[in-house]
Amino acid sequence: MSIITLTTDFGVSSPYVAEMKGAILSIHPAAAIVDVTHAVPAQEIRRGAVILDLVTPRFPEGSIHIAVVDPGVGTDRALVYAEIGPQRYLAPDNGLLSRLAIRLPPGKIIRLERREYWLESVSHTFHGRDILAPVAARLCLGLEPERLGPSQQQIIMLDWPEVQITPTRVTGAVMEIDSFGNLVTNISEEMLAGRPVDERVCVVCGIYETYGIYHAYGQQMPGMLVALINSYGWLELALVNENAAERLGISAGTPVILAWE
Amino acid sequence: MSIITLTTDFGVSSPYVAEMKGAILSIHPAAAIVDVTHAVPAQEIRRGAVILDLVTPRFPEGSIHIAVVDPGVGTDRALVYAEIGPQRYLAPDNGLLSRLAIRLPPGKIIRLERREYWLESVSHTFHGRDILAPVAARLCLGLEPERLGPSQQQIIMLDWPEVQITPTRVTGAVMEIDSFGNLVTNISEEMLAGRPVDERVCVVCGIYETYGIYHAYGQQMPGMLVALINSYGWLELALVNENAAERLGISAGTPVILAWE
Amino acid sequence: MSIITLTTDFGVSSPYVAEMKGAILSIHPAAAIVDVTHAVPAQEIRRGAVILDLVTPRFPEGSIHIAVVDPGVGTDRALVYAEIGPQRYLAPDNGLLSRLAIRLPPGKIIRLERREYWLESVSHTFHGRDILAPVAARLCLGLEPERLGPSQQQIIMLDWPEVQITPTRVTGAVMEIDSFGNLVTNISEEMLAGRPVDERVCVVCGIYETYGIYHAYGQQMPGMLVALINSYGWLELALVNENAAERLGISAGTPVILAWE
């Protein structure tokens, strides 16, 4: 039986999440529902897209991931079902799946149009509960996705910053700030293959710099800025035992440059 | 098998919630437990009552909803089991169920008195864990509610503000502020039946006003105050893409007036 | 089937929790996972240890409790499996289990070394997901703990403040501040056996004092400082209907003295 996950910008205190769960369980009382996070900053589609990309591939094949960061709810933006690798997604077609899709183009994409699979009464402001939740429950019970509506060729893609790579420079950016204040970049371990990662590499983030790329926070002294390959395989900057984002005043989007002489 | 939900004022960080789950699972290891919210403001019975009313009817019939906002714990306030529509509730009898009960009077009401269904050792300060959790687990396993104690005729009702309706005015109030800062009122869609909802209606909230009642946030420009019928069927006021409660300094209880010429 | 619980310092907003759940469910899709809390203050091993001690014994026998407060991740600190009473734990061996262990010495202790039970690719910064989660899933499916690595005799013990007891004084400290701001001490009900708990006992916490030990918050007037035996059986100090920690400026570690003439 598939797992259903929820990723939203409703906030950790919000009972809206429970309404979605109620809608799922009313159709499929034995559904296994897992919260990914409800702390995507309100209406920040890009932040939601990064989290979906980092977390959802960790789930069992065939999991159904509902994502709701939906400033256009009630307008004519589409809702889609999309298969990306072995994972299945239900989301507004507003770019929320586009970070996943740049690494692995979606296989099947279906636009949700068939109202018989939605709640009987659909509000204008909460399609997560009224459309995505019941559709997820029905997919989990075996409904063929083709029944949900017409297929479409593409989802909406956002313009994601690309990493610039030259013989002496790799230039990326901070993509996500985690709950410890660590700065996760869009520079992957693979992009550094064959280059020295000892003190010959200078890592620059905003006005700060550090030398060398390590494996663990504990390899540096408390309070020091350390660059390491994190548990996702991405370059990350951290202040050992402190909150780097707060202490250094760095936010998502800040450029990160690796430089070799 | 029934679902057990939890609504408390313990805070989202609180391990007290897990203690209730441990108590339930120790009796009924396969129980399906869903968090409604643990962010009811501490000891604010009215806020808890509004959330229970908005959210719990969304759950499957026969669900058991535990609610703990309990400033009187350890005094002689009663704990009750109550059936309201197809839903079942376990809560202190302090008004927490009274918002649900004004729309639909409870069917069966039982006062929890039979200690053999509680934890062996009952504290004076945490009846949610020591009484409500084990009782919910046992109800879920099939215990007849009549076994829990004597029946009673009524639950304690709080005095809820009524909406005033005249030919040219509908006067209600802000009942709940959601996690986006939107202002949910006690004025329902039905109360507006037959009246114009275009620019002929003026919606006044505190010192602010807007004209017309819309269906979606996206129908107005970012930053504008918009009135709409929300996903609960209630009139709601929102600042498009912003936090209305914070920006306008409006809190629960603020009057909301709809006026027609 | 066993329950798996999670106690971490990842923060309530963190998607890291969901990654651990994804890792568990990828191996054991029907696992029942319960969050204890993710709000242990970052890297505060002692705070995590107190919460584990207060909460986890409430779970069914054989539950598997994963605990991650792990400033030494990626260094050579060990990870252990430990049986403490009827509960089973997976944690870094950094003192996190030591508050549980002073009351009940661990039975079996196994150092996690056999990589075939871990994720195929193990990061240097997230052993909770890459080692503890898959090991918990496999234990839950019946794996013998002896397969995980060599046994060891002891876990690392932190130095916990002991309660001083004399004929006229019991001196302890605030151990934990709950989500209501109540101050939980390390003075247990048993330590007061046979002593008067009426107005003859003076309870001193920092610069504040109160007389008598009560059973319920509601036995005092709002705003008053009240000492009572809480739902864990520990002496607790609370401001009725208010947040004692914030209002009085008291933090974990503050001495608490009970004095009789």
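What residue, among those in the range A:98-129 that are charged (D, E, K, R) and part of a helix (DSSP H, G or I), is surrounded by the most Cβ atoms within 10 Å (Cβ to Cβ)? Write out each step before concluding.
At the first step, the residues of the range A:98-129 found to be charged (D, E, K, R) are A:99, A:103, A:108, A:111, A:113-116, A:120, A:129.
Then drop every residue that is not part of a helix (DSSP H, G or I), which leaves A:99, A:103, A:115-116, A:129.
Details: A:Arg99: 22, A:Arg103: 11, A:Arg115: 11, A:Glu116: 8, A:Arg129: 24.
The qualifying residue surrounded by the most Cβ atoms within 10 Å (Cβ to Cβ) is A:Arg129.
Return the only residue of C:Ile165, C:Ile110, C:Ile156 being of a type in the set (A, V, I, L, M) and either closer than 26 Å to C:His215 by Cβ or in contact with a Lys or Arg (Cβ under 7 Å, 6 or more places away or on another chain) (or both).
Values: C:Ile110 fails: either closer than 26 Å to C:His215 by Cβ or in contact with a Lys or Arg (Cβ under 7 Å, 6 or more places away or on another chain) (or both); C:Ile156 fails: either closer than 26 Å to C:His215 by Cβ or in contact with a Lys or Arg (Cβ under 7 Å, 6 or more places away or on another chain) (or both).
One residue alone meets the criteria, C:Ile165.
Filtering B:Ser231, B:Ser179 for residues that are open to solvent by less than 20 Å² (accessible area, probe 1.4 Å), in a loop (DSSP other than H, G, I, E, B) and in contact with a helix residue (DSSP H, G or I) (Cβ under 8 Å, 6 or more places away or on another chain) leaves a single hit, B:Ser231. Scanning the range C:56-67 for residues that are open to solvent by 10 Å² or more (accessible area, probe 1.4 Å) and out of contact with any Gly (no Cβ under 8 Å at 6 or more places or on another chain) turns up C:Glu61, C:Gly62.
Condition check ((1) part of a loop (DSSP other than H, G, I, E, B); (2) at pLDDT 95 or above; (3) in contact with a Gly (Cβ under 7 Å, 6 or more places away or on another chain)) across all residues:
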| position | (1), (2), (3) |
| --- | --- |
| C:Val50 | no, no, no |
| C:Leu54 | no, no, no |
| C:Tyr81 | no, yes, no |
| C:Leu96 | yes, yes, yes |
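Only a single criterion out of (1) surrounded by 14 or more Cβ atoms within 10 Å (Cβ to Cβ); (2) touching a residue at least 60 places away in the same chain (Cβ under 8 Å) is not satisfied by C:Leu141, namely (1). Out of curiosity, is C:Pro29 within 12 Å of chain A (Cβ to nearest Cβ), outside any strand (DSSP E or B) and open to solvent by 10 Å² or more (accessible area, probe 1.4 Å)? Judged against the criteria, C:Pro29 is a match.
May I ask you to list the residues in the range B:144-155 that are open to solvent by 60 Å² or more (accessible area, probe 1.4 Å) and within 21 Å of the chain's Cα centre (by Cα)? Of everything in the range B:144-155, just one residue is open to solvent by 60 Å² or more (accessible area, probe 1.4 Å) and within 21 Å of the chain's Cα centre (by Cα), namely B:Gln154.
When residues in the range A:161-176 are screened for being open to solvent by 40 Å² or more (accessible area, probe 1.4 Å) and touching an Asp or Glu at 6+ places or on another chain (Cβ under 9 Å), 1 of them pass. Reported count of residues in the range A:1-15, each being more than 7 Å from chain B (Cβ to nearest Cβ) and open to solvent by less than 30 Å² (accessible area, probe 1.4 Å), is 8. Taking (1) under 19 Å from C:Thr56 (Cβ atoms); (2) out of contact with any Cys (no Cβ under 8 Å at 6 or more places or on another chain) in turn, B:Pro41 satisfies each apart from (1). Restricting attention to the range A:236-251, the residues that are within 12 Å of chain C (Cβ to nearest Cβ), in contact with a helix residue (DSSP H, G or I) (Cβ under 8 Å, 6 or more places away or on another chain) and not in a loop (DSSP other than H, G, I, E, B) add up to 2. For the range C:145-171, a residue qualifies if it is among the hydrophobic types (A, V, I, L, M, F, W, C), closer than 25 Å to C:Leu258 by Cβ and assigned to a loop (DSSP other than H, G, I, E, B), and the qualifying residues are C:Leu158, C:Trp160, C:Val163.
Only a single item in (1) within 7 Å of another protein chain (Cβ to nearest Cβ); (2) modelled with pLDDT under 95; (3) open to solvent by less than 10 Å² (accessible area, probe 1.4 Å) is not met by A:Val40, and it is number (1).
A:Gln219 meets each of the listed conditions (1) within 25 Å of the chain's Cα centre (by Cα); (2) within 14 Å of another protein chain (Cβ to nearest Cβ); (3) polar (S, T, N, Q) apart from (1). A:Val197 fulfils the conditions (1) away from every other protein chain (no Cβ under 14 Å); (2) more than 26 Å from A:Ala39 (Cα to Cα) except for a single criterion, (1).
Out of the residues in the range B:191-228 that are part of a helix (DSSP H, G or I) and at pLDDT 90 or above, which is most open to solvent (accessible area, probe 1.4 Å)? Looking at the filtered set, the residue picked out is B:Met191. Selection within the range B:130-155: residues that are in contact with a strand residue (DSSP E or B) (Cβ under 9 Å, 6 or more places away or on another chain) and within 14 Å of chain C (Cβ to nearest Cβ). The member of this set that is farthest from C:Ile229 (Cα to Cα) is B:Ala137. Taking the criterion of being away from chain C (no Cβ under 12 Å) and without any contact (Cβ under 8 Å) to a residue 24 or more places away in the chain, the only residue of the range B:57-83 that qualifies is B:Arg58.
Does A:Asn241 satisfy the criteria of being on the phi > 0 side of the Ramachandran plot and buried (at least 16 other Cβ atoms within 10 Å of the Cβ)? Give the derivation first.
Working: on the phi > 0 side of the Ramachandran plot: yes; buried (at least 16 other Cβ atoms within 10 Å of the Cβ): yes.
Yes; evaluated as a whole, the condition is true for this residue.
Restricting A:Leu132, A:Leu158 to those that are within 19 Å of the chain's Cα centre (by Cα), under 30 Å from A:Pro29 (Cα atoms) and either open to solvent by less than 10 Å² (accessible area, probe 1.4 Å) or modelled with pLDDT of 90 or more (or both) reduces the list to A:Leu132.
Scan B:Asp35, B:Asp70, B:Asp76 and give me the residue that is in a loop (DSSP other than H, G, I, E, B), charged (D, E, K, R) and open to solvent by 30 Å² or more (accessible area, probe 1.4 Å). Reasoning before the result, please.
Working: B:Asp35 fails: in a loop (DSSP other than H, G, I, E, B); B:Asp70 fails: open to solvent by 30 Å² or more (accessible area, probe 1.4 Å).
So the residue among B:Asp35, B:Asp70, B:Asp76 that is in a loop (DSSP other than H, G, I, E, B), charged (D, E, K, R) and open to solvent by 30 Å² or more (accessible area, probe 1.4 Å) is B:Asp76.
When you check A:Leu90 against the structure, is it buried (at least 23 other Cβ atoms within 10 Å of the Cβ) and within 12 Å of chain B (Cβ to nearest Cβ), yes or no? Step through it out loud before you land on a result.
Details: buried (at least 23 other Cβ atoms within 10 Å of the Cβ): yes; within 12 Å of chain B (Cβ to nearest Cβ): no.
For A:Leu90, the condition - buried (at least 23 other Cβ atoms within 10 Å of the Cβ) and within 12 Å of chain B (Cβ to nearest Cβ) - is not met.
For the range A:43-54, the tally of residues that are open to solvent by less than 10 Å² (accessible area, probe 1.4 Å) and not aliphatic (A, V, I, L, M) stands at 2. May I ask you to verify whether B:Val174 is away from every other protein chain (no Cβ under 14 Å) and outside any loop (DSSP other than H, G, I, E, B)? So B:Val174 fits the description; yes.
The values are calculated or read from the model by the stated rules, or taken from the named source; none is laboratory data. Quantities reported herein were computed from a predicted structural model and do not represent experimental measurements. Every residue, glycine as well, gets a Cβ built from its backbone with ideal geometry; the counts of neighbours run over all protein chains shown. We work out accessible area using only protein heavy atoms, side chains counted, and drop any ligands, DNA or RNA first. Shrake-Rupley method; radii C 1.70, N 1.55, O 1.52, S 1.80 Å.
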